[in-house]
Amino acid sequence: QEERTVRDRNLLQVQEHEQPILWKVKFSSGNSSQLNNQCRNSVQGKLLITDELGYICERKDLLVNGCCNVNVPSTKLYSCESCLPNGCCSIYEYCVSCCLQPSK
């Protein structure tokens, strides 16, 4: 219990010193193929990835800058596929994409 308390306290201290996340990244629609625009993404998906712009794509369609290739027909924006009305989604990447909608 003591070890867990120390670990939690250390995590809180680390988080206080980090820079805040910039949620409003300035991108033009469809420009994610430009290498100077980097995207954070959901990383762990075996088949699917969601980038920070809200695009969901197959891992094979992820560009070297971390953004989904928006020129691939299967890439979707703000997809809530697999999500229920209560907000629960059976596929993590769809949950991320859905929650990145500006209205959410």
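Relative to the current alpha-carbon distance between C99 and V72, full extension at 0.36 nm per residue lengthens the span by 7.5 nm. The 3J(HN,Hα) values that the Karplus relation (6.51, -1.76, 1.60; θ = phi - 60°) gives for the range 66-79 are, in residue order, x, 9, 6, 6, 6, 8, 8, x, 7, 6, 10, 10, 6, 7 Hz. Gly and Pro appear as x.
Read-outs: derived from the displayed coordinates by stated rules, not from any lab. As the structure is a computational prediction, the values presented were derived from the model and not from experiment.
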